Amino acid sequence: MQPIDSLHDFFVRTGAEVRLYHLGRRVEPCPLEDLAALEAGQRPWPQPWQGKARLAMVFRVGELEDPLIWFLALPLDEQGQLDPAPRDAFLQRLLETLGRNVQGLGRGDGEQIDNLMKDNPLAFTPSLPFQALLHARASRDLGRPASQHLEPVEAYLEGQQTLDWRALGLQGLADFAVRMDPDQASRLAARLPALPGEVLTSLCYCLEHVAIDEGLATALRARGEAAAEAGDVEIFCACVRAVAGAESRLAGAWFDDLLGDPEACGPDLLAAMAGRGWRHLEDGERLPRFLTRLAEAPQADFTAVARDLALIPRLRLPVLMTLREAAPDSPIGRRLAGLSR
């Protein structure tokens, strides 16, 4: 029998029912083929975050009743390819724990497999919004009902019932975002101007992980611009992150307007664009403008953000070309010169 030499191989050989989810830039499904390609060195990771491939692995194996969940951050090299040594060490421990009997796993083995996460250097704990979104997506994808928190959130956000907003749970907001249909999105857009700031911010932390339609994107932009005028940076940036889930003609248009206003381009806004709106930076004019604003913001970590964007395969060459072609007396050129001193 061929040895198991990759995580993808482990899932295939155990006959596991497995679903993978990105947990780096957004919580969204990840094809198993992407993991196979990364581990085989065939292509770089599509959504790196801070030099890691951050994944949730939701799987059921053998006779286990409930799915197990692994949160793994696989280190990547400067090209976005897998650094295999930490993965190999984890795989070795996994196979030693199971006694290499990977196909005959019984009900009692789940705890053993789960215990591997307790002192595992690859394991990490996602933020609460990421955990809530993962639970919401996985429940929906597995055909399971939403949490008990969804019903009051629906009633509140659609204006059917007056509730104390402080009683709304983050899990309910995540379930709403993941399961929202076009009618619900329309009713939410109408209600958005009146939502308390705390509810709106928590809701945006969930909406930033899903696709949103034009009506909701327009309402979020209006609320975000009102927050900017009032000096509320948190709500403003939360709205920008949420609008990043809209198609590029909507989100990109707002990004262009914001990047055209030097007063708007503080480090928080630029981080929001890079972290959640990176897909909209794949534009021949928008990307150089973004990097210029980043270079002009003294509090922004130009090197870290530019390096993180350059790890994204579709942005790698455009980012490197923009940096390479920057004039020495341009904001980007001056930043790069400062780094080389």
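All conditions but one from (1) in a loop (DSSP other than H, G, I, E, B); (2) under 24 Å from Asp261 (Cα atoms) apply to Arg223; the one that does not is (1). Within the range 11-35, the residues that satisfy the criterion of being outside any strand (DSSP E or B), over 20 Å from the mean Cα position of the chain (by Cα) and touching a residue at least 12 places away in the same chain (Cβ under 8 Å) are Phe11, Arg13, Thr14, Gly15, Ala16.
For Thr218, the requirement of being among the polar types (S, T, N, Q) and out of contact with any Asp or Glu (no Cβ under 9 Å at 6 or more places or on another chain) is met. Yes or no: the range 10-29 includes at least one residue that is surrounded by 15 or more Cβ atoms within 10 Å (Cβ to Cβ), at pLDDT 95 or above, out of contact with any His (no Cβ under 6 Å at 6 or more places or on another chain) and more than 26 Å from Asp175 (Cα to Cα). The answer is no; no qualifying residue exists.
The lone criterion from (1) touching a Ser or Thr at 6+ places or on another chain (Cβ under 6 Å); (2) buried (at least 22 other Cβ atoms within 10 Å of the Cβ) left unmet by Arg293 is number (1).
Results for (1) in contact (Cβ under 8 Å) with a residue 40 or more places away in the chain; (2) part of a helix (DSSP H, G or I); (3) farther than 25 Å from Arg54 by Cβ, shown as yes or no for each residue.
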{"residue": "Ser139", "(1), (2), (3)": "no, yes, no"}
{"residue": "Gln148", "(1), (2), (3)": "no, no, yes"}
{"residue": "Ala155", "(1), (2), (3)": "no, yes, yes"}
{"residue": "Gln160", "(1), (2), (3)": "no, no, yes"}
{"residue": "Leu192", "(1), (2), (3)": "no, yes, yes"}
{"residue": "Glu198", "(1), (2), (3)": "no, yes, yes"}
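Residue-level check: of (1) farther than 23 Å from Val210 by Cβ; (2) crowded, with 21+ Cβ neighbours inside 10 Å; (3) not basic (Lys, Arg), Ser6 misses just (2). Here the condition is being of a type in the set (D, E, K, R) and modelled with pLDDT under 95; of Arg286, Arg276, Arg324, Arg335, it holds for Arg335 alone.
The values are calculated or read from the model by the stated rules, or taken from the named source; none is laboratory data. Everything quoted here is computed from the prediction, not taken from an experiment. Every residue, glycine among them, receives a Cβ derived from its backbone with ideal geometry; neighbour counts consider all protein chains shown.
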